[in-house]
Structures are given as C-alpha cells and as structure tokens.
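Novice: If you scroll down you'll find the structure; I have some questions about it.
The values are calculated or read from the model by the stated rules, or taken from the named source; none is laboratory data. Computed from a predicted structure; not experimentally measured. Methodologically, a virtual Cβ is constructed for each residue, glycine included, from the backbone with ideal geometry; neighbour enumeration extends over all protein chains shown. To get the accessible areas, we keep the full protein, side chains included, count just its heavy atoms, and leave off ligands, DNA and RNA. Shrake-Rupley method; radii C 1.70, N 1.55, O 1.52, S 1.80 Å.
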Amino acid sequence: TNLLTLGAILKDMGDYDRAEHYYRIMLEDSNVDIDQMELAELYNNLGCVLGRKGAHHLAFETYEKALDIYLQDGAKPRPSAFASLYNNMGLACFDLAEYEEALKAYTVALDVMQKYIHDDHSGFATIY
C-alpha cells in the first residue's frame, strides 16, 4: 500500500519517527487494507525502525510478529523477505549481546539465501 511504501522511504531516509508514525497508522487503522505478507513486511520494517531508534527488545518482538505470519500454514513469503527478517532478528540479538541467538538467526538467513536466491543478489552482502 502507499503508506507501507511511504514508511519504507522515510526509513531509508533516516526519518525513523515519521516512518514509525505511518507504520503504526497502518497497524491501528482498520480501514487500511493489507494482506498477510504485507502485514509481515510492515512488522519487519517497523522492527528495523525500532532497532535504529535503540529499542532492540521491542524490535525483536516486532520481528517475531512478522515471523509468526510467515510461519502460518499456507503462507508464501518471498525467500528474500524471509531471509531479510532472519537477518534483522540476528541484528537485534547482536545488539542485545545475545550472540549465540544472533548467529542462529544469521545462519538461517544465509541458508535461505543460498537455497533460494541467486548468488549475485544484494542480500548476500547484507548477511555476510
């Protein structure tokens, strides 16, 4: 949706407060029509924003909401989105000094990338 795109642009520009504002509007407004994969993407993006703002525990909890959606029966997340989520979970764990959990999450992200994504995809650089 347009708000999801706007939030992503603001996040990429470093305007985390405004990005969070639009993501929360999407979560709270029942008139916003998004499917389950968009909702998972929304949680992943919101987690990124929260992590960049230093709220690492809250970021991880938000990533877990995205993961719950991706793991539902019948869910078909894009492999790159699934890998990105695990990479972000690894970042949150690392920032929380939970290094073993970070390594596990990074390993899942790398495994997904190696299994489903072509070697020259930009996501490999992010994970390595």
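Novice: With a 1.4 Å probe and every protein chain kept in, tell me what percent of the accessible surface of the chain is carbon plus sulfur.
Specialist: 50 percent
Novice: What does the C-alpha gyration tensor say about the overall shape of the stretch 1-66? Classify as rounded when a/c is under 1.5, otherwise prolate if a/b is larger than b/c, or oblate.
Specialist: Since a/c reaches 1.5 but b/c is at least a/b, the shape of the stretch 1-66 is classed as oblate.
Novice: Ok, one more. If Lys and Arg each add +1 and Asp and Glu each add -1, what is the summed charge of the other residues whose beta carbon sits under 12 Å from the beta carbon of Met37?
Specialist: -1
Novice: Okay, moving on. What length, rounded to one decimal in nm, is gained on full extension from Leu71 through to Ile25, with 0.36 nm per residue of separation minus their alpha-carbon distance?
Specialist: Going from the current span to full extension adds 14.1 nm.
Novice: A follow-up question, please. Can you tell me which of 53-61, 66-74 comes out highest on packing, and rank the rest after it, using the mean Cβ neighbours within 10 Å?
Specialist: The densest-packed peptide leads the list: 53-61, 66-74.
Novice: What whole-number value in Å² describes the accessible area per residue of the chain for a 1.4 Å probe?
Specialist: Computed with neighbouring chains in place, this is 59 Å² per residue.
Novice: Leaving ligands, DNA and RNA out of it, rank Arg78, Arg24 by accessible area with a 1.4 Å probe, largest first.
Specialist: Arg78, Arg24
Novice: Hey, got the Cα dimensions of the stretch 45-85 along the principal axes, in Å, largest first?
Specialist: Here the Cα extents, ordered largest to smallest, are 33, 17, 11 Å.
Novice: Let me ask another. May I ask you to evaluate 6.51 cos²θ - 1.76 cosθ + 1.60, the Karplus curve with θ = phi - 60°, for each residue of the stretch 25-30 and list the ³J(HN,Hα) values in order in whole Hz, giving x for glycine and proline?
Specialist: 4, 4, 6, 8, 8, 5
Novice: Give me the base-10 log of I(q)/I(0) for the chain at each q in 0.11, 0.17 Å⁻¹, Debye formula, one uniform scatterer per Cα, rounded to two decimals.
Specialist: Values, matching the q order: -0.36, -0.88.
Novice: Further, regarding this structure: Calculate the length of the line joining the C-alpha centroid of the stretch 52-88 to that of the stretch 31-49, in whole Å.
Specialist: Value for the Cα centre distance between the two parts: 10 Å.
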